[in-house]
1. Any idea how far apart B:Asp267 and A:Glu51 come out in nm if each label point goes 7 Å out from Cα toward Cβ?
2. Quick one: what are the phi-derived ³J(HN,Hα) couplings along segment A:44-49, Karplus 6.51/-1.76/1.60 with θ = phi - 60°, whole Hz, x for glycine and proline?
3. Under the Karplus relation 6.51 cos²θ - 1.76 cosθ + 1.60, θ = phi - 60°, what is the ordered set of whole-Hz ³J(HN,Hα) values for segment B:452-463, x standing for Gly and Pro?
4. Hey, what number do you get for the protein assembly as shown at 222 nm if only DSSP H runs of n ≥ 4 count, each worth -39500 (n - 2.57), divided across all residues, to the nearest 500?
5. Check B:Ala11: other-chain or 5+ apart residues with amide H under 5 Å from its amide H, H built from backbone geometry?
6. In whole angstrom, how far apart do the alpha carbon centroids of segment B:258-288 and segment B:301-366 sit?
7. I'd like the FRET efficiency for B:Arg16 and B:Ser292, computed as 1/(1 + (r/R0)^6) with the beta carbon distance as r and R0 of 22 Å, rounded to 0.05.
8. Counting partner chain Cβ atoms within 10 Å of every residue's Cβ in A:23-35, what's the average?
Amino acid sequence: MPRLNTTPRLADPDGLLEALLAAHQGLDEAASRRLDARLVLILANHIGDAEVLRAAIALAAKPGPESGL
Amino acid sequence: MSGVEQPGRPAFQPPRYASPPPPRGPEQRAVVIIGAGLVGLTLALDLARRGVASVVLDDDDTVSVGSRAICFAKRSLEIFCRLGLGEAMLAKGVTWQHGRVFFQDREAYRFDLLPEAGHECPAFINLQQYYAEAWLVEACAATGLVELRWKHRLAEMSPRPDGATLTVETPAGGYVLEADWLLACDGARSRVREALALPFTGRAFRDRFLIADVVMQAEFPTERWFWFDPPFHPGQSVLLHKQPDDLWRIDFQLGWEADPEAERDPDRVTARVRSMLGPGVPFRLEWVSVYSFRCRRLERFVHGRTVFLGDSAHQVSPFGARGGNGGIQDADNLGWKLAAVLRGEAGEALIASYDAERVPAAAENILHSTRSTDFISPKTPAAQAYRDAVLDLAEHHAFARPLVNSGRLSRPAVLAGSPLNTPDGFDHGAGPGTPAPDAPVAQEGVPGWLLRHLGAGFCLLVFAAPRPLDLPPRVTPLFITPEPMRGALHDHSGLAAARFGAPAVLLRPDQHVVARFLTLDAAGIAAAHDRAMGRG
Ligand SMILES: Cc1cc2nc3c(=O)[nH]c(=O)nc-3n(C[C@H](O)[C@H](O)[C@H](O)COP(=O)(O)OP(=O)(O)OC[C@H]3O[C@@H](n4cnc5c(N)ncnc54)[C@H](O)[C@@H]3O)c2cc1C
């Protein structure tokens, strides 16, 4: 059964954040929010698994330890 | 929710029905329907077709006027075909099955609601609600079993264990009517619901919509066109639909801050329509209303001998056309059950199954209508961002198109969890709880449609050559064969066999699959029939 993978997997974490911030460069609040929303939808479709996505939403909504992840 | 009529000559003149005088003394009737709207009239006609007489009270003396339902879905059309009104509706209605969604100045997405051939009825027709109601009134009157009492308003009702006592007001005085069964089809502001103090709960949407019916000769295709944030109405949505009589329905989203009074001003509406159509397109406003929408329902629809159907039981926002179409399915569901109870063939457990089947159906309609309204009318910056993100992506990326929600158009409920169903082990085709799929068939060489052959009672479809069968009373066999054969329907395309996916299929009087069988085992069929009659 696929589960949300929360082990560190990124080869270049600093590079990822840099790329994200670069994409937001020069955008106002609303445009930034919309870009993030597009990104979430693209990644959600890539993942495609409803259970993993629900777990990810729950974790994002409550990042503390009590989320059970 | 009020409208202004515009000068001009509408193609449809609302009939005025005569109000009968009140009866001289107290009366007792088996079936009283409150409300001669779309749902009450459908129910009265369904009951009459089953030989059940009813009295129908309505506080008005005409049909629904102004901009209300226009989109009648395939399942409603199949029900109207069964009731004898299908031809008129299909002939007058504007048939459509495609829709397009535009975002700003671009087309983002298009859809096809009936991608499969081999059904008599189209995915949708558009027809003004007043036509449907006027024809239902005529058909009800022609049965001789429906007593329509116009301008008879239900003022009070008190429930009894074996019915209800009704106080009715008419222009010529009031009277008391005792009903064994009270069918509340009295709309979203139901007096019956109020008299029983039943909570009607859900959500109200903080948005307003201008609904204009416009007469014009226009070149738009007969498709549902929906715009998000178009240049001619920035920041809001617009919906365009064709109706018969060169009438077009245009919905303009206005936002919550809009002043409903000011927005109804004909000059203001004309300016909005003109900026949409461009200069040089002549048009005339026929009707304008400003609405705000709600999604809410009763917790249960059966309360002893009082049963709620249509908007009195559940109300939805119109994106998806699930209000009237849902209510018509309510009537389709209750008619045969009540007729069976009145004939003494079934107990009140069969009426309880109306609750078990139609409450989930209403919940499903509310879920879809709520999600559509949330998409069309985003209430928070986050909702706005996701909505716009979906639309940004939809034009070039197929994966985003299913996320676009301009209304999930009415589909019939699948009564999958119904206590009347006998579960089966088949893995494809229409399973228990599904409305019977249509298919082209021929009888003695004459082409026709399967649903037209089902009759008014239980029907056992047998995909084999005709043979004597040991069936419960009131179950009629219908033989269907892949080659022409005497006494059988010819399934020349093979679609009937493929769509049902089993050698024998038991259909209820409302054309829903209730059980499927591998063999023609008499005991198994009788048990499934018993269960479908609420005796299981
Ligand atoms: C703008 C708009 C667009 C819509 N578009 C669609 C669509 O495209 N497709 C669709 O399927 N649905 C649509 N709907 C919904 C549809 O119009 C309703 O769901 C439908 O009319 C419900 O039918 P009803 O018979 O339950 O109630 P109603 O049509 O409201 O009828 C109730 C009847 O009861 C009578 N009544 C009320 N109180 C009393 C009383 N005390 N005594 C006696 N009589 C009484 C009223 O006079 C009325 O005739 C739309 C609605 C709106 C507002």
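Read-outs throughout are calculated quantities, based only on the coordinates presented, and are distinct from any laboratory measurement. If you're wondering where the values come from, they're calculated on a predicted model, not measured in any experiment. So basically every Cβ, Gly included, is an ideal-geometry build from the backbone, and we count neighbours across all protein chains shown.
1. Going from the B:Asp267 label point to the A:Glu51 one covers 6.4 nm.
2. After applying 6.51 cos²θ - 1.76 cosθ + 1.60, I find 4, 5, 4, 5, x, 9 Hz.
3. 3J(HN,Hα) across segment B:452-463, in whole Hz: 5, 9, 7, x, 9, x, 5, 9, 9, 7, 10, 8.
4. That calculation yields -9500 deg cm²/dmol at 222 nm.
5. Here nothing satisfies the definition.
6. 38 Å
7. Step by step, r from the Cβ atoms, then E = 0.15.
8. 2
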